[in-house]
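Working notes, beginning with the structure itself.
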Amino acid sequence: MPHPKRAAIPAAPRKSLIEWIENDGNPADISQPACSSQATTLHTRIVADPYDGTRETPEPLGCPSGLPLPPLG
């Protein structure tokens, strides 16, 4: 006994990645999340003077003793 013919699944629309991202249904306006005045002040200080007044680049942090990492470079 022959099986009834099933309808084919339609192909997905052909779009580039940027078209999918731009047309995802979200509003184009990306607003910042609400921050307290204390957090805003801290962010402003970090942006204005990231080295806390010393004008010197801080030493890089070493890796933790329990996490052996290979040297970079």
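A compact table of results
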item: Order of L42, L17 under a 10 Å beta carbon neighbour criterion, fewest first; result: L17, L42
item: Separation of the R45 and A8 label points, Cα + 7 Å toward Cβ, nm; result: 6.5 nm
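Since every read-out is calculated from the coordinates, none of them should be taken as a lab result. As the structure is a prediction and not an experimental result, all values here were calculated from the model. Glycine also receives a Cβ, built like all others from the backbone with ideal geometry; neighbour counts cover every protein chain displayed.
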